[in-house]
Structure formats: structure tokens, C-alpha cells
Amino acid sequence: MARMATNRRVAISTVGAWLAGFLIFFPILWMVLTSFKTELEAFAIPPSFLFFHWTTENYATVQERSDYIHHALNSIIIAGGSTLIALLIAIPAAWSMAFSPTKRTKDVLLWMLSTKMMPPVGVLVPIYLIWRDFGLLDSLTGLVIILCLGNLPIVIWMLFTYFKEIPKDILEAARMDGATIGRELIYVLTPMAIPGLASTLLLNLILAWNEAFWTLNLSTLNAAPLTVFIASYSSPEGLFWAKLSAASTLAIAPILVLGWFSQRQLVRGLTFGAVK
Amino acid sequence: MGQITLQDVQKSFGPVHIIKGANLDISDGSFVVFVGPSGCGKTTLLRLIAGLEDVTGGSILIDGKNVVDVPPAKRGLSMVFQSYALYPHMSVRGNIAFGLKMAGLPKAEINRKVEAAAATLNLTPYLDRKPRELSGGQRQRVAIGRAIVREPKAFLFDEPLSNLDAALRVQMRLEVTRLQKQLATTAIYVTHDQVEAMTMADKIVVLNAGRIEQYGTPLELYEKPANLFVAGFIGSPKMNFVNGAAAAKYGAATIGVRPEHLRIARDGEGWPGKIAVAEHLGSDTFLYVDAGALGTLTARHVGELDLSAGDDIVLSPDPSRIHRFDKDGNALRS
Ligand SMILES: Nc1ncnc2c1ncn2[C@@H]1O[C@H](COP(=O)(O)OP(=O)(O)OP(=O)(O)O)[C@@H](O)[C@H]1O
Ligand SMILES: [Mg+2]
């Protein structure tokens, strides 16, 4: 009897989990489906789920009207560059806070996080003016800098929580073995923190890939990443749902593939080092 | 060479004064053990010598050179940690070789040295395993291998055997002592196990609340403890202390008699008492005796004694083995 009750519970939670998963995934699925519809079918009411006239003409139009590869390359440079630079700054910062904390370390961490609580639009005007004066508007350098700075607090926080789990003894052993600080970081801390570094890197790549506020405001064409590419289909000639969906599908495809292959690392990253 | 001298070494963590002026002279090639109760500052003192903590005051000389401003990597010492602190991502070979790699030795020489160290420590079959695939005793040996391969000026050990089971501990104790004698390298060894201290040390440093209470050979500490603390700390079972009139008779505020220096008799001169507990180990007999105003006394007899709880006996101290202390607890020498 007990076994049957457990079986039923397992079945119910399995169905529940699939349902929740489907609900969360549904918007993405709908977007992909819509991208294969004609513009007319895209906002037909009632909407058709699978039985419509499948077409790839949206993709063709999108490709024709704007240069996907150009934007995708920009996205790669901006997301990759800002993430790598953020890691290079964050590793030593998190190392010093995790292994030689002072009385103020906790305050510094909180202060860094507090910068993320401020709505970015609050500093849009000053940043815009600074970027304009330094000639950084619509430049890859400018976007790499702003996204790197924006995500730095999160990167440092994540690395800090991972580093805290590494026994200090091992770093001290390296020091006794004659390793300088740089070599201690390269040969001992970094390899031990690989899982944490990998999930931080992935999560940050995704955040930077999808970042829309700064990329939309600080770039127009030259440096514009995929977010700008998507946005160009929601204005100004009116909404074209099917083409917008096709553009969005194209934009998220690379990151979706990346996420799929690194699920395990990502789960670790999203739980912020809470599970070992 | 590995001569280490401490001159008035002080350490505070914020407002808390942990090491209160340590002076010590450790000669080259000797095996020195720091003992003391938990929290007395043994680890802290060792880490100060290693350079893993900065001194608040005083100086540390290695071969006559003050090293207080020298980083740990440059002091030429090696350390074995209580937690072993092996590099988990490196094989045994990588762990042992790391220090040599940092020193920039050629590959062939590194390999030769690593293999020699592994052979000494019976680690050869495990060279390509990761630390997590080793037993506690094997990990301990890797940690020791990592320390010896660099031919340091001195070894620093922080309770290296405390995570091993009793039998393995005795075996490793012998191995460490033998290795140290063979290499003739200075060693500083922290433990709170006084049997380890007595058996391994050339000289023992007894620490208490951040002060060095006494520095001497194991037998000096046993025979001539400088004060009540050392007298009570060294020796097992613990020394008996007697105050009041019985002590005044010997011209002291307190006298101390070790359990093995109490003669046990059914009657006669001495301190009468009633046996509370009798422990028969075959090789030894331990008696815990309720001696009225003198309190509970412990007596040890080598061999078997036909006595049991409830028996009335008389304990008489061996007059030549009585330790006398003044009212501040310092030893009185006649
Ligand atoms: N980093 C630190 N900050 C503040 N206090 C510390 C620090 N390290 C040690 N202490 C304090 O210094 C004292 C001595 O510590 P230490 O670790 O040297 O003791 P120990 O003799 O090695 O003890 P045990 O036998 O338990 O290992 C303790 O009271 C401890 O609380
Ligand atoms: Mg300790």
C-alpha cells in the first residue's frame, strides 16, 4: 500500500514538474512557432498551434533586410570580451576578499551589490555624455566597458562565494612551496575553482548576451549586437510579429545551444555556490 | 643549515594579545616540539615562523638573518598541515613536484627527486593517483613527501598525525622521527599529545596562554619542571599536588609527587588513604586514593598489586623525587 502511495506521489510530482517546465518554456516555443507563420496567421484569433502553413520566408526576409552575421559577431565580441575582462578583474578581487578579509570586506561586497540596485536609467544621461565625449558611442569598446562594469559586482560575488569554499590551507601550502601570488592564483586557485569559474563565465555570458538597456542606448549600427537587431523589427513601421519572432529566434539560438550543452554548470551557477 | 632564533616575538589579533614575547633558540638539525593546551598559541607561533602570519613585534632569525619581512615563499621552510592541504587537482607526483617546479628546477631533476622521495615514503605505486583516491595515512605521506623533496632549512609540522588512527599514529611517529634524523634537518613539530612530545623531541617547548613556560629536553621537563604548569602538564598520569601543612613540612607552598614516585604500603609512615578506584592493566596498576585533607592522589605501581577499591593503604613519597614550588608556582631548587 505504502509503495503505491509513493508511486502516485512520484507520478503527480512528475506531471507537475513537466507542466511547470512546459509553462516556462511555452513563450519560447510560441516564439519559434510564430517565426514559421505568415504575418497574417501570426496574429490570427484564435491562434493556430501547429496546423498552419509552415514557411521560412520570415527568415529569408530578416536575412535580407539586416545583416545577422554582423550583429551576431558584435554580440560575441561584446558578451565574450566583457565577460573575460570582468573575470580578470574579479579573480584577484574575490581572492583577496575571500582569503584575506578585513573588517570592511562585508561592507565592500554589499556596496558593490548596491550599485546593481540602482536602475540603470538613473545614470543613462551622465554615462551617455561621458561616452559621447570619449568617442565611445556605437563602439565595441564602449559596450564592452559598460557591460563589464555592469556585471562586475555579480561576477565578484559569485567568485567570492566559490572561493570561500576552498580551504585556505591549500593556498598557504602553495605559498610555503615557494609560489608567488601570481603563480598561486594560476596554478592552484584557478584550477581548483574551475567549476565555479565556468558557471560564472556562462551565466555572465548569458546576461551580457541578453543585455538590452545599454546596448540599445549606446549603439546604433556599427557596434550594435543582436538585441538591436531584434528591436529593429518592433518599430517604427509597426509590428511584424512573425519577422520579430524569426529575428528573436535567430538571436537566442547561439545562447540556447550554449546553455543546453552546459546545463550542469549553469545550475551550479544559478544556485550561487549553495550546493556543492 | 637551519638555525632558528626567536627574539621577543609578539602577536596580537586586533586587541587580543596571543603570543606574549617568545624567546627561543633552535639549533640546526634539532627536533623541537611545541606542546600546550588547546588555544595556547602553538599554531600561531608556528605560522609566525612560517611567515603565514605577520609578527606584531620582535624578530625571527633564520641562520642569523631577520626574516620578519620575508614572505613565506622565500623563507626556505616547508610545512605539513594538519589537514594535509594537498592540491586536489594534481596527482601525487604533481603534489610532490610542485615546490620544485616553482623553484624552476629542470624536469629531469624534478622527476629524479620526486621518485626518490616517493621511494622513501613507499608512495611509488600511487604516484599517478589523485589525493582523493588515497587513504588518510597515504595522504599524510604525500604531505610529508612534498615537504622533504624541497630540502628546506626546516620542517614545520602542525599536528600532522592527529587525523590518523592510534596504530597508524605510532607508526608514522616513528617514521617521521627516523626521517628527520636521517635528513638531519631542523624540525618544529606542534602537538598537544604529550606522548608524541616526549618520544619525538630533542627539546620541548611548553606553551601556556601565549607564553613559553619552559624549554628543555624531555627528561629535564620531567625531572626539573620549572613551575606548577609544566609539572602538571608533562607526565601521565598527572603529578599529584599537595598544599598546606604537608607541603610546609618540606618548606614549600605546594609540593608535587609523580604517581610513579609514591610508594604503596598497607601501613607505616606516610599519607593514609582509602582506595577509590583501582585499575589493573597487568603491566601497571593505577590507584586513585582518597587521602582525606590531601584530596585524591594517584599512585602508579609497575606490575600487578593485589589491592582493590575500599582497601586502606599508606602512600609515602620518595623524598628525593619531591618537587617543591613557592606560592607563585615557581619551582624551588635546593
Ligand atoms: N586569525 C585569528 N584571529 C583571531 N584570533 C585568532 C586567530 N587565530 C588564532 N586566534 C586565537 O589565538 C589563540 C591561539 O590559537 P592557536 O590556533 O595558535 O592555538 P593552538 O595552541 O594551536 O590550539 P590547538 O591545540 O587547539 O590547535 C586562540 O585563542 C585563537 O582563538
Ligand atoms: Mg593548533
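The values are calculated or read from the model by the stated rules, or taken from the named source; none is laboratory data. Note that the structure is a prediction, hence the values are computed from the model and not measured. Please note: Cβ atoms are built from the backbone with ideal geometry, for glycine as well, and neighbour counts cover all protein chains shown.
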If we only count helices (runs of 4 or more DSSP H) wholly inside the stretch B:174-237, which ones have 3 or more residues that are within 10 Å of the chain's Cα centre (by Cα)? B:194-200
In the stretch B:33-52, residue nearest to the other protein chains (Cβ to nearest Cβ) [restricted to those that are touching a Ser or Thr at 6+ places or on another chain (Cβ under 8 Å) and closer than 19 Å to B:Lys153 by Cα]: B:Phe34
When only residues in the stretch B:66-80 that are without any contact (Cβ under 8 Å) to a residue 40 or more places away in the chain and outside any loop (DSSP other than H, G, I, E, B) count, which is farthest from the other protein chains (Cβ to nearest Cβ)? B:Asn66
Residue that is within 13 Å of ligand 1 (Cβ to nearest atom) and closer than 24 Å to B:Gly21 by Cβ, where the choices are B:Gly210, B:Gly216: B:Gly210
Can you confirm whether A:Phe134 is aromatic (Phe, Trp, Tyr), in the same structural domain as A:Ser219 (by TED's automatic domain parsing), modelled with pLDDT of 90 or more and crowded, with 22+ Cβ neighbours inside 10 Å? no
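Kindly indicate whether any position in the stretch B:281-304 is in contact (Cβ under 8 Å) with a residue 60 or more places away in the chain and not assigned by TED's automatic domain parsing to the domain that holds B:Asp193.
Yes; the residues of the stretch B:281-304 include at least one that is in contact (Cβ under 8 Å) with a residue 60 or more places away in the chain and not assigned by TED's automatic domain parsing to the domain that holds B:Asp193.
Quick one: in the stretch A:156-187, which of the residues that are touching a residue at least 40 places away in the same chain (Cβ under 8 Å), within 11 Å of chain B (Cβ to nearest Cβ) and surrounded by 18 or more Cβ atoms within 10 Å (Cβ to Cβ) is nearest to the chain's Cα centre (by Cα)? Talk me through it step by step, then tell me what you get.
We begin by selecting, within the stretch A:156-187, every residue touching a residue at least 40 places away in the same chain (Cβ under 8 Å); these are A:156-166, A:168, A:171, A:185.
Among the residues that remain, those that are also within 11 Å of chain B (Cβ to nearest Cβ) are: A:166, A:168, A:171.
The next check asks that each one be surrounded by 18 or more Cβ atoms within 10 Å (Cβ to Cβ); those that pass are A:166, A:171.
Values: A:Ile166: 26, A:Leu171: 31 Å.
Only one residue tops the list, namely A:Ile166.
Please tell me if B:Asp165 is within 15 Å of B:Phe34 (Cβ to Cβ) and modelled with pLDDT under 95. Let's see the steps before the verdict.
Working: within 15 Å of B:Phe34 (Cβ to Cβ): no; modelled with pLDDT under 95: yes.
In short, no.
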Selection from the stretch B:214-247 of residues that are crowded, with 21+ Cβ neighbours inside 10 Å and not aromatic (Phe, Trp, Tyr): B:Gln214, B:Leu221, B:Pro225, B:Leu228, B:Val230, B:Ala231, B:Ile234, B:Met239, B:Asn240, B:Val242
Given (1) outside any helix (DSSP H, G or I); (2) more than 16 Å from ligand 2 (Cβ to nearest atom), index of the condition B:Arg141 fails: (1)
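Using the structure shown, decide if B:Val55 is in the same structural domain as B:Met198 (by TED's automatic domain parsing), surrounded by 18 or more Cβ atoms within 10 Å (Cβ to Cβ) and not in a loop (DSSP other than H, G, I, E, B).
No.
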The stretch A:84-112 residues that are on the phi < 0 side of the Ramachandran plot, paired with ones that are not in a helix (DSSP H, G or I) (beta carbon under 8 Å, 6 or more apart): A:Ala98/A:Ile166
Here are some conditions: (1) touching a residue at least 60 places away in the same chain (Cβ under 8 Å); (2) surrounded by 22 or more Cβ atoms within 10 Å (Cβ to Cβ); (3) outside any strand (DSSP E or B). B:Tyr250 meets all but one. Which one does it not meet? (2)
Hey, which of the helices (runs of 4 or more DSSP H) in the stretch A:1-68, taking only ones fully inside, have at least 1 residues that are within 30 Å of A:Ala223 (Cα to Cα) and of a type in the set (Asp, Glu)? A:39-42, A:57-65
B:Arg129: touching a helix residue (DSSP H, G or I) at 6+ places or on another chain (Cβ under 6 Å) and either assigned by TED's automatic domain parsing to the domain that holds B:Gln82 or within 16 Å of ligand 2 (Cβ to nearest atom) (or both), yes or no? yes
